[in-house]
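Read through the structure below, which is laid out as structure tokens, and then see the notes.
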Amino acid sequence: MAATCVIGLQWGDEAKGKIVDFLTAQNEIVVRYQGGANAGHTVVFGGAKYKLSLIPSGIFRPEVRSCIASGVVIDPASLLGEIERLRESGVEIEKNLFISNRAHVIFPWHKEEDRLMNDSGVRTEAIGTTGRGIGPCYRDKVGRSTAVRIGDLYRDDFPEKVRKIVAIKNGYLPGMAKNDEIRATVKPLDADEIIAEYTEYAKRLKPFVGDVVSYLLDAVDADKNILLEGAQGSMLDVDYGTFPYVTSSNSSGVGVIAGSGLPARFIKRVVGVIKAYTTRVGGGPFPTELKDDVGQRIRDRGHEYGTVTKRPRRCGWFDAVAVRYTSRLGGVSELSVMLLDVLSGFDEINVCVAYELDGKRIDYMPADVDELARVKPIYETLPGWQEEIDQVKTYDALPENAKKYLERVSQLIGKPIAFVSVGPGREQTIIL
Ligand code: GDP
Ligand code: IMO
Ligand code: MG
């Protein structure tokens, strides 16, 4: 009886949603604990495909409680849209969804700041955010003075608070624009409109809101099984990722405790999710990126287009330097290798085993983003396999070269593989 957490070990979209849905069957509670509607998690079963942004991927099991914990930043419109879509698909929400009153709220000013600061001109390359207001909301949370939590929506002073914040934001938003042309597009915020809109959201969300922290601590005392669902990937972690080309939360293993409020000692199992190759959306260095036909082939076979923004994902070979780093950082106990089927049909497959930095071989992740942008991947080449594997049900039935590839990846990372995924469906999962 304990907590298991599922974290992405690359730059996001490792298919965490699929493995969370799969593992939910063994748990009583599933918790999303950081990030927001920048996440796009996909669950496929029974011939249907579901996209989730804020609601935990465990929501499809009616006997399981799905919690949005305090570390998540919530865009109420986005959350209500998701609730509606799930209701329409016949998914049981009413008794299962539980939202923390401590979680912070995303407002229109956050999205506007995101638009203005994403390409601020301070750096040569834009961060390429999802535009969901995530960074600005976390900035306000840490800054405190202009932050609003879910619980605040129900206080009598909520309208007054919004009026004060809007006055401050209207004062500085135009100054965030990097030039006059963009400044001309900044429209003043209307406090009354925002108050009316958010009062209505608050009313609709009310049945789901409560003290998730107390609930989870009671669950710990009662020795319940809890599954924690990470968003983004460890390389996008604000402290340990490729800063500043990261998201604004701790999306590696270090974020689980702060985001959920669960005691560290309770976490017994950490499943590190990896793609059999690498993808990244948005700006920032990506040592194994393939800008050629091979990258395009991976994109086509893996349908590598963003769940949230539909942007084409940048594709490349598996980077064992990055994953060894993030799996050690996260205290990973086992790996889940996803989208292995995408690699069928290659004569040879490369794995990055080290980097070359200014003529020297290194096996660690440089802290400086400009150094990381300069590294050249050192590859080991493994033989590929031609067979399609999406119908394979057991590890033994995989092609020999696919098994050799998995063994090498596991050896390079230094962690055992617990699951191999060969297709988006629940049943396309091999347990080792
Ligand atoms: P997440 O953000 O980590 O939950 O991942 P996304 O949902 O953004 O992206 C993963 C994509 O891969 C989704 O479209 C999944 O349906 C799909 N997928 C998951 N596992 C597999 C697999 O083993 N093979 C293939 N071909 N697709 C998969
Ligand atoms: P899931 O949970 C992939 C990326 C954005 C951008 C950077 C900052 O589906 O794996 P943000 O809007 O968070 O300020 O953007 O982080 N990013 C993701 N990339 N998967 C995600 O989530 C991501 N969430 C944010 O593309 O580069
Ligand atoms: Mg995703």
Among the numbered conditions (1) near ligand 1 (Cβ under 10 Å from one of its atoms); (2) among the hydroxyl-bearing types (Ser, Thr, Tyr); (3) within 15 Å of the chain's Cα centre (by Cα), tell me where Tyr33 comes up short. (1)
Let me confirm something: among Val209, Val238, Val220, Val213, which residue is touching a Pro at 6+ places or on another chain (Cβ under 7 Å) and more than 16 Å from ligand 1 (Cβ to nearest atom)? Val220
For segment 284-300, indicate whether the set of residues that are within 14 Å of ligand 3 (Cβ to nearest atom), among the polar types (S, T, N, Q) and touching a residue at least 40 places away in the same chain (Cβ under 8 Å) is non-empty. no
Here are the criteria: (1) charged (D, E, K, R); (2) loosely packed, with under 13 Cβ neighbours inside 10 Å; (3) closer than 22 Å to Pro287 by Cα. Tell me which single one Asp180 does not satisfy. (3)
Can you find a residue that is under 26 Å from Val44 (Cβ atoms) and polar (S, T, N, Q) anywhere in segment 400-422? yes
Restricting to segment 7-37, name every residue that is part of a loop (DSSP other than H, G, I, E, B) and on the phi < 0 side of the Ramachandran plot. Leu9, Gln10, Trp11, Glu14, Ala25, Gln26, Asn27, Glu28, Tyr33, Gln34, Gly36, Ala37
When only residues in segment 12-37 that are of a type in the set (A, V, I, L, M, F, W, C) and within 13 Å of ligand 3 (Cβ to nearest atom) count, which is nearest to Thr278 (Cα to Cα)? Ala15
Pairs under 9 Å by beta carbon, first residue on the phi > 0 side of the Ramachandran plot in segment 399-424, partner modelled with pLDDT under 95 and of a type outside the set (A, V, I, L, M, F, W, C), six or more apart or different chains? none
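Any idea which of Tyr154, Tyr172 is among the hydroxyl-bearing types (Ser, Thr, Tyr), away from ligand 3 (no atom under 16 Å from the Cβ) and under 21 Å from Val212 (Cα atoms)?
Details: Tyr172 fails: under 21 Å from Val212 (Cα atoms).
From the options Tyr154, Tyr172, the qualifying one is Tyr154.
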Restricting the search to segment 38-60, which residues are more than 11 Å from ligand 3 (Cβ to nearest atom), in a loop (DSSP other than H, G, I, E, B) and touching a residue at least 60 places away in the same chain (Cβ under 8 Å)? Pro56, Gly58
Could you check, for segment 17-31, whether at least one of its residues is among the charged types (D, E, K, R), in contact with a Gly (Cβ under 6 Å, 6 or more places away or on another chain), more than 10 Å from Glu229 (Cβ to Cβ) and within 12 Å of ligand 2 (Cβ to nearest atom)? no
Of the residues in segment 374-431, those that are closer than 23 Å to Leu329 by Cβ and in contact with a Pro (Cβ under 9 Å, 6 or more places away or on another chain) number 4
For the structure I just gave you, tell me whether Ile7 is under 18 Å from Gly261 (Cα atoms), crowded, with 21+ Cβ neighbours inside 10 Å, away from ligand 3 (no atom under 16 Å from the Cβ) and of a type in the set (Val, Ile, Thr). no
Which condition breaks for Ser251 when tested against (1) away from ligand 3 (no atom under 15 Å from the Cβ); (2) in a loop (DSSP other than H, G, I, E, B); (3) in contact with a helix residue (DSSP H, G or I) (Cβ under 8 Å, 6 or more places away or on another chain)? (1)
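From the residues in segment 78-94 that are within 28 Å of Ala258 (Cβ to Cβ) and not polar (S, T, N, Q), which one is modelled with the lowest pLDDT?
Residues of segment 78-94 that are within 28 Å of Ala258 (Cβ to Cβ), as a first pass: 78-83, 86, 93.
From the residues that got through so far, the ones that are not polar (S, T, N, Q) too are 79-83, 86, 93.
Values: Leu79: 98, Leu80: 98, Gly81: 97, Glu82: 97, Ile83: 97, Leu86: 96, Ile93: 92.
Across segment 78-94, the extreme among qualifying residues is Ile93.
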Please give the helices (runs of 4 or more DSSP H) falling wholly within segment 127-210 in which 1 or more residues are more than 31 Å from the chain's Cα centre (by Cα) and not acidic (Asp, Glu). 158-176, 180-183, 191-205
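Every residue, every condition in (1) part of a strand (DSSP E or B); (2) within 28 Å of the chain's Cα centre (by Cα); (3) under 14 Å from Val337 (Cβ atoms), yes or no:
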position: Thr381; (1), (2), (3): yes, no, no
position: Glu388; (1), (2), (3): no, no, no
position: Asp396; (1), (2), (3): no, no, no
position: Val409; (1), (2), (3): no, yes, yes
position: Leu412; (1), (2), (3): no, yes, yes
position: Glu427; (1), (2), (3): no, yes, no
position: Ile430; (1), (2), (3): yes, yes, yes
Selected residue [within 21 Å of the chain's Cα centre (by Cα) and either surrounded by fewer than 17 Cβ atoms within 10 Å (Cβ to Cβ) or on the phi > 0 side of the Ramachandran plot (or both)] from Gly47, Gly71, Gly58, Gly81: Gly81
With respect to Ser66, determine if the residue is buried (at least 20 other Cβ atoms within 10 Å of the Cβ) and part of a loop (DSSP other than H, G, I, E, B). no
(1) closer than 21 Å to Asp114 by Cβ; (2) touching a helix residue (DSSP H, G or I) at 6+ places or on another chain (Cβ under 8 Å); (3) away from ligand 2 (no atom under 16 Å from the Cβ) all hold for Asn38 apart from (3)
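The values are calculated or read from the model by the stated rules, or taken from the named source; none is laboratory data. Given the structure is predicted, the values throughout are model-derived calculations rather than measurements. In this analysis, Cβ positions are derived from the backbone assuming ideal geometry, glycine residues included, and neighbour counts consider all displayed protein chains.
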